[in-house]
Structure formats: C-alpha cells, structure tokens
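The values are calculated or read from the model by the stated rules, or taken from the named source; none is laboratory data. This is a predicted model, so every value here is computed, not measured. So basically every Cβ, Gly included, is an ideal-geometry build from the backbone, and we count neighbours across all protein chains shown. To get the accessible areas, we keep the full protein, side chains included, count just its heavy atoms, and leave off ligands, DNA and RNA. Shrake-Rupley method; radii C 1.70, N 1.55, O 1.52, S 1.80 Å.
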Amino acid sequence: MSRYTWLLDPGHGGIIDGVYQTAGKRSPAFPDGSVLYEGEFNREVVRQLLKFCRSGGFEAIDIVDSLEDVPLRKRVQAANKIHREKGNCIYVSVHANAFGNGKDFNGAKGVCTFHHYRSSTGKTLAVSLQKHLGDLTNLRDRGVRSNETWANFYVLRKTNMPAVLSENGFMTNYEDAIALMEPNVRRNIALAHYSMIQEIEENGF
C-alpha cells in the first residue's frame, strides 16, 4: 500500500504539432541543429517515473494533463485540491537548469535539488533525492539548495504539502545537454526520483 500520493509536475510546456510551448526553456542548438527542449525532457522523466511508481505499487499522479504550458498557479491549485481531497500528498517538480543568455553553451553544470527554506519535510525529500541523483548519474553534484532567495520558488512556497524541485543538469552546458538527450540518462534520473519515493515510503519523515 502507498503511504503517500505523489503529485508529479513536469515543468513548462511540451511540443504541440511541432511547436514548443515555452519559449526560452531550451538548449542552444547543437552542431547538427537539434535542440533540447526542457518541457519535453521533464515530461519524459515524469512519464518514466509514473511507470516506476505504478510497478512498485505507489500512488502517483501527473498533475499536468496538457502539453500546454500550464501556469504555475493552476499547477499549485491542482496539487492543493488533490491534497485536500486525499491527504498525505507530496509534490515533486521536475526540471532542467539553465544559465547565461541561453544562446551559448557555458560552464555551469550539474544536478541540484531545492526545498523551501522553512520546510523540514521538504529538506528530507531534497537530501534523499540529491543523494540518489548523485548515485545514479554522472552529472556534477551541486547539492541541496534552500536559501530564502534562491529556493523561494512559487511551487515550493504555495503548495500545502511537502514539496521538492529537482534541476537535473544544465541545458546550457554542452556536456550536460548531450547527456540529457540520452534515453539511459533520462531513465536514471527518473530512477533517482523513484529511489527517493521508495525511501520516503519505507521510512516516512
């Protein structure tokens, strides 16, 4: 039996009829002209994470039922509504990071995990997730972030439940971006999130 209901939020929009729905949330172009779209990456990680959860018997819900770029307010409203109805929900927001002007690759790289600075349960989630990301990817470990300025994301601040936000490599770093295009890396990032879920389901907070 699942102890919690895991509310999974793939950040930003997807691709509809070949048109990416979130301008700017993408990598610079690779030499062959291809591009890493963050919203597509986030959705693929969440799709695989849902499969892991369901295979493991854990209740998980993708709170974004559209390829459109659903506003943050609506994402939070959806999560809080489910939490009011079911209780014992945990919110997990999946992202890829970026730095610089977005037009050129640069040196910022690695994975990090954010929680709200006032949330002890969020910290437990973030520490667990960051450990598993470090174990299951070859990406630089940038640690857990909870600074009032840098971790004060709307989705962490406004959700009425334990919440965590992952930044799984930099789209604006050439090596990270190449890795994030690889199916096995995406699978391992999803598996890291699932390993956090297993740990919290087993041990609680």
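Each stretch of four or more DSSP H residues adds -39500 (n - 2.57); spread over every residue of the chain, this sum gives -13000 deg cm²/dmol at 222 nm. Rounded to the nearest 5, the antiparallel percentage of DSSP beta bridges internal to the chain is 25%. Heavy-atom accessible area per residue, the range 46-186, 1.4 Å probe: how many Å²? Averaged over the residues of the range 46-186, the accessible area is 51 Å². Is the C-alpha gyration tensor of the range 160-205 telling us rounded, prolate or oblate? Criteria: a/c under 1.5 is rounded; beyond that, a/b larger than b/c is prolate, otherwise oblate. Cα axes put the range 160-205 in the oblate bin. Taking 18 Å as the limit for the C-alpha separation, the pairs K123/K158; K25/K109; K74/K158; K51/K123 exceed it in the case of K51/K123.
For a test of the definition: using alpha carbon positions, the gyration tensor, and the 1.5 limit on a/c, classify the range 5-55 as rounded, prolate or oblate. The shape class here is prolate. According to the square roots a ≥ b ≥ c of the eigenvalues of the Cα gyration tensor, what is the shape class of the range 97-200, taking rounded for a/c under 1.5, prolate for a/b larger than b/c otherwise, and oblate for the remainder? It is oblate, given that a/c is not under 1.5 and a/b is not larger than b/c. The GluC sites (Glu not before Pro) of the range 32-101 that meet both conditions, a loop assignment by DSSP and at most 16 other Cβ atoms within 10 Å of the site Cβ, are E68. Reported to the nearest whole Å, the Cα centre-to-centre distance from the range 1-43 to the range 169-184 is 13.
Relative to the first principal axis of the alpha-carbon coordinates of the chain, what is the inclination of helix 72-86, with its axis defined by its Cα atoms, in degrees from 0 to 90 and to the nearest 10? Roughly 20 degrees, rounded to the nearest 10. To the nearest 10 degrees, how steep is helix 183-203 against the longest Cα principal axis of the chain, on a 0 to 90 scale? Between helix and principal axis, roughly 20 degrees. Backbone amide hydrogens, once placed in the peptide plane, bring R145 within less than 5 Å of T113, F114, H115, excluding anything fewer than 5 places away on its chain.
Rounded to the nearest 10 degrees, the angle from helix 38-56 to the longest Cα principal axis of the chain is 40 degrees.
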